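The values are calculated or read from the model by the stated rules, or taken from the named source; none is laboratory data. Please read all numbers here as calculations on a predicted model, not as lab measurements. Because the Cβ atoms are built from the backbone with ideal geometry, glycine has one as well, and the counts that use them run over all protein chains shown.
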Amino acid sequence: MPLTLAWMLVALCAASGGYCLLRARRADRSARGAAGGEAVMGFGMAAMALPADTGPWGPPVLLAVFCGAALHALWLLRGGVHHAHHLVGSLAMAYMALAMTAGHGHGRAGLPAVTGALLLYYAGYVLLGGARLVTAGGAARPAGAVPAGVPGGAGELTRACRLAMGTGMLAMLLAM
């Protein structure tokens, strides 16, 4: 991955993680776990996208973090299948960290079938998320009203952060 693109991905993922962390602090108890999981994913993706070699300790630490995030996502599934994306994301990041561990660095290939399936999943996720964001942006609203799903609403910013992280995941998978 070109150096400029890698740093842009780091900045995008770190900003998304920061926003999700702020969201977790403000969220009620039921939404705090999902927002916290998204913050871990954002910061973890930023760490994984760093262009500098993290040394031999980096990939195993990332693998441990994302295995823990996968366990957290399994716990969140008690609240409904809408949390399945967190599990897929955590497992995808653990898979990429495992590929980094096996290859001792960035850009190492994993299993083609797994990488291909994740690419398809995230391509669909990004396309669907982008379509939903555009559709929500075109919604009509009464003057002065800023509901959660339209421009200026917190729901739209949350969707944009999820879309940014999904796009970042797609870019990292393509770099494998």
| field | Residues (under 16 Å from Gly168 (Cβ atoms) and aliphatic (A, V, I, L, M)) located in region 72-90 | value | Val88
| said: Considering only region 3-13, I want to know if a residue exists there that is touching a residue at least 12 places away in the same chain (Cβ under 8 Å), in a helix (DSSP H, G or I), farther than 21 Å from Gly166 by Cβ and of a type in the set (A, V, I, L, M). | reply: yes
| query | Ala24 versus (1) out of contact with any Lys or Arg (no Cβ under 6 Å at 6 or more places or on another chain); (2) modelled with pLDDT of 85 or more; (3) surrounded by fewer than 20 Cβ atoms within 10 Å (Cβ to Cβ): which is the lone unmet condition? | reply | (1)
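So, in region 29-45, of the ones that are of a type in the set (A, V, I, L, M, F, W, C) and under 17 Å from Leu157 (Cα atoms), which residue ends up surrounded by the fewest Cβ atoms within 10 Å (Cβ to Cβ)? Spell out how you get there, then give the answer.
Applying the first criterion (of a type in the set (A, V, I, L, M, F, W, C)) to region 29-45 yields 31, 34-35, 39-41, 43, 45.
If we keep only those that are under 17 Å from Leu157 (Cα atoms) as well, we get 31, 34-35, 39, 41.
On the way: Ala31: 13, Ala34: 21, Ala35: 18, Ala39: 21, Met41: 28.
Once the filter is applied, the top-ranked residue is Ala31.
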